[in-house]
1. Calculate the FRET efficiency for Asn117 and Asp161 from the Cβ-Cβ distance with a Förster distance of 41 Å, rounded to the nearest 0.05.
2. On full extension of the chain, what length is gained from Met19 through Leu139, given 0.36 nm per residue of separation minus the C-alpha to C-alpha distance?
3. Given the whole protein assembly as supplied and a 1.4 Å probe, what does the accessible area of Phe137 come to in Å², nearest 10?
4. Calculate the spin-label point distance for His76 paired with Asn126, positioning each point 7 Å from the Cα along the beta-carbon direction, and give it in nanometres.
5. How do Ile111, Ile95, Ile160 rank by accessible surface area computed with a 1.4 Å probe, from largest to smallest?
6. Using a 1.4 angstrom probe with every protein chain in place, what is the largest-first accessible-area order of Leu118, Leu139?
7. What's the FRET efficiency of Phe87 with Gln62 using the Cβ-Cβ distance as r and R₀ = 35 Å, to the nearest 0.05?
8. For the range 57-171, give the percent of accessible area contributed by carbon and sulfur heavy atoms, probe 1.4 Å, rounded to a whole number.
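The values are calculated or read from the model by the stated rules, or taken from the named source; none is laboratory data. These numbers come from a predicted model, not from an experiment. Note: ideal-geometry Cβ built from the backbone for every residue, glycine included; neighbour counts use all protein chains shown. These area figures cover heavy atoms from the full protein model, side chains too; ligands, DNA and RNA do not enter into them. Shrake-Rupley method; radii C 1.70, N 1.55, O 1.52, S 1.80 Å.
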Amino acid sequence: SDIEDDSENAETIYAGYAMVSAQFGALTALGGLRVEHTSTETDRFQLTEDDDFTFEDDVIRQTFENSYTNLLPSVHLTFQASDALQFRAAWSNTIGRPEYDDLGAFSEVDIVEEGGNLFASVQEGNPNLDPFTAMNFDLSAEYYFPNGGLASVAGFHKRIDNAIYGFSSEERDVQDPFGRG
């Protein structure tokens with residue numbers, strides 16, 4: 001039924017940011033801290049078995065709630081070695097929230113018969129997903145030519161934790177749970 005494939009998602013985010021900068025001769029330092037608190041609420045609808053269907057009596061609403069707080073510090077340094085040469089370094093932390101479709105508390109099962117074989121697929125959302133987090137390190141050097149050109153070299157390293165993946169598996173010779181054959 002279409003109603004069982006539906007969910008309602010709500011997300012509330014509170015955020016604050018503090019920043020400070022300082023100059024030490026040729027070195028400029030910029031530091032910041034972002035704090036984010038995220039709350040999610042997902043409603044899932046399920047039908048009950050009833051011959052006299054009414055929406056109020058035969059649709060069950062399940063509510064799933066989740067919340068998390070992230071501290072996201074960063075430091076950015078710029079060293080002006082000369083008028084033409086500067087070096088930059090940065091350390092930052094970021095998050096990537098789950099997509100709404102991934103948070104949905106839906107469960108959808110499709111069963112198709114082809115050539116005497118049953119093929120089933122299940123898709124489900126996960127309302128308890130937390131965001132992935134990433135810690136980033138960046139280094140660069142820039143040289144500005146007198147005629148207006150620029151030469152630059154840069155590198156970075158990124159570490160991602162709590163990545164969000166889809167899952168797929170294939171099983172063979174499984175008993176039909178609905179007793180069809």
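1. That pair, Asn117 with Asp161, gives E of 0.50.
2. Extra length available between Met19 and Leu139 comes to 41.1 nm.
3. In the full protein context, Phe137 sits at about 90 Å².
4. Rounded to a tenth, the inter-label distance reads 3.4 nm.
5. The ranking, largest first, comes out as Ile160, Ile111, Ile95.
6. Leu139, Leu118
7. It comes out at approximately 0.05.
8. Summing carbon and sulfur atoms, their accessible area is 52 percent of the total for the range 57-171.
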